[in-house]
Amino acid sequence: MVSSIDLSTRLTATKLALKVIKEQEDTNSAAASSSSRTALLGSYGLDASSSTNTRLAQLLAQYGQASGDDTQTDGTDTQPSSGDISKADFMKDLKKMLEELAKDPDKASQAKAMLQALTAGTLTVSDPAEGAQIKAWDVASDTKTTSKPATEIALTGWSDFLKDHLKRDGSAYAKGASGAYVDNISGDNAFFGSVGSRYYYLTWPQAKNGTLTV
């Protein structure tokens, strides 16, 4: 485990780096952007000359940019969750995030599928930065449970974790029939996004033949 101070510092630095990557790609000239982007990625252990790492960096930048809006609140509940995936307050924020995501036409299908998996107890949350994984539960239907034990997984950085877990199709990341990414290890649907100010990796089963996930 890492200290809360170290984790907060690392997360802040990562989000700033992702924002810089995105801004450089949007505003700088190709030559200038390439040079500075390569140096910045190198500081995070990513080789910009590698197609795998380039695609990964683009994916991280995409979610890093989007997370700026995800951390905003409507003023009705400003108390942040602990970020501990074993706690009920995290599960409450996870469900709230998925419900908000379901309002986005481009992501509604995946969000609804994850909400269904949450209700069914088949949505898995992984946090490699803390070396923990857990089956998510719906706090609305289980109000008495305040925490559950998490399973220990390898403690690793996001770049290595995603390279190991996201299935590839040539130079791109593979997507299943549902439009979701595919976990290379389990074959399940996969989603990488933020709850509050931290990133998490979610997986849920592929729809069985003869069923429809909406």
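No value in this document is a laboratory result; all are computed from the given coordinates. Quick caveat, the model's predicted, so the values are computed rather than measured. Glycine gets a Cβ as well: all are built from the backbone with ideal geometry, and neighbour counts include every protein chain shown.
By its C-alpha gyration tensor, with a ≥ b ≥ c as the square roots of the eigenvalues, how is region 108-178 shaped: rounded for a/c under 1.5, else prolate for a/b larger than b/c, else oblate?
Oblate.
What order, most packed first, do the peptides 145-155, 121-131 have when packing is the mean number of other Cβ atoms within 10 Å of each residue?
The densest-packed peptide leads the list: 121-131, 145-155.
With viscosity set to 1.306 mPa s at 10 °C, what whole-number translational diffusion coefficient in µm²/s follows for region 125-214 from Stokes-Einstein and a Kirkwood radius over Cα pairs?
Translational D for this selection: 109 µm²/s.
Normalised by the number of residues in region 125-178, what is the relative contact order in percent for Cα pairs under 8 Å and 6+ residues apart?
34 percent
Determine ³J(HN,Hα), in whole Hz, for all residues of region 142-154 in sequence, where each value follows from phi through the Karplus function 6.51 cos²θ - 1.76 cosθ + 1.60 and θ = phi - 60°; x replaces Gly and Pro.
Those phi angles translate into 9, 6, 8, 7, 9, 6, 9, x, 8, 8, 7, 10, 4 Hz.
Convert each backbone phi in region 116-123 into a coupling constant with the Karplus relation 6.51 cos²θ - 1.76 cosθ + 1.60 (shift: θ = phi - 60°), then list the ³J(HN,Hα) values in order as whole Hz, x for Gly and Pro.
4, 5, 4, 5, 7, x, 10, 8
Sort 106-119, 168-181, 187-200 by packing, meaning the average of other beta carbons within 10 Å per residue, with the highest value first.
Descending packing order for the listed peptides: 187-200, 106-119, 168-181.
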